[in-house]
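Report on the following structure.
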Amino acid sequence: WKDEYSLDLRKYAILRGLCHKVGLELVTKDYDMDTPHAFRKSDIISIVPIYKHVACSSADGRTLLESSKTFLDKGKLEDAVNYGTKALAKLVAVCGPYHRMTAGAYSLLAVVLYHTGDFNQVPKF
């Protein structure tokens, strides 16, 4: 990149960040960033709702998950399944089915069930 373009790049990065934070999608074109009104209403393609992600955590779910890992390491598969299922149920209830902690619980339970050879067991929530 040439130094003369670095200021323009910074302006576009700022505009992109602003659009991302407020939920605007703009038409892709060469905007004149040196004018007071760089874009108009007609340049807006859509407005996307923005929501803040609330950090979710479950101490009980995390404890149950750790217990499941411990039992898996010790080879106590039945206990690992029980604790893994309880951890998954707790995390789904507290954090929801699409949270990363819940995904970790699904993953661990899949590993435990793989070791048990029970490929058809699916927890119901």
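A few remarks follow.
- Counted charge near LEU24, where neighbours are those whose Cβ lies closer than 13 Å (Asp, Glu -1; Lys, Arg +1): +2
- Proximity of backbone amide H atoms, modeled 1.01 Å from N, is registered between LEU26 and ILE45 at under 5 Å, excluding neighbours fewer than 5 places apart on the same chain.
- Note on the chain: with neighbouring protein chains present and a 1.4 Å probe, carbon and sulfur make up 57 percent of its accessible heavy-atom surface.
- Here the dipole of the chain is about 340 debye; that uses its Cα centre as origin and unit charges on the Cβ of Lys and Arg (positive) and Asp and Glu (negative).
- Cut-off 20 Å (backbone N to label point 7 Å along Cα→Cβ of ALA59), residues of the range 79-118: 86-96, 101-102
- Taking all protein chains together and a 1.4 Å probe, the residues LEU9, LEU77, LEU88 rank LEU9, LEU77, LEU88 from largest to smallest accessible area.
- Here ILE50 and VAL111 are evaluated by their C-beta separation; at R0 = 30 Å the FRET efficiency comes out at 0.25.
- The label point for ARG100 and the one for LYS41, both projected 7 Å from the Cα toward the Cβ, are 4.0 nm apart.
- Contact order normalised by residue count of the chain, Cα under 8 Å, 6+ apart, percent: 17
- Proximal charge balance of GLY61 [Cβ under 9 Å; K/R count +1, D/E count -1]: +2
- Among (1) 184; (2) 199; (3) 108, the entry derived from the coordinates for volume of the Cα convex hull per residue in Å³: (2)
- The magnitude of the dipole of the range 57-114, with charges of +1 and -1 set on the Cβ of Lys/Arg and Asp/Glu and taken from the Cα centre, is near 100 debye.
The values are calculated or read from the model by the stated rules, or taken from the named source; none is laboratory data. Just so it is clear, the model here is predicted, and its values are computed rather than measured. Don't worry about glycine lacking a Cβ; one is built from the backbone with ideal geometry, like all the others, and counts go over all protein chains shown. Just so you know, the surface numbers come from the protein's heavy atoms only, side chains and all, with ligands and any DNA or RNA stripped out. Shrake-Rupley method; radii C 1.70, N 1.55, O 1.52, S 1.80 Å.
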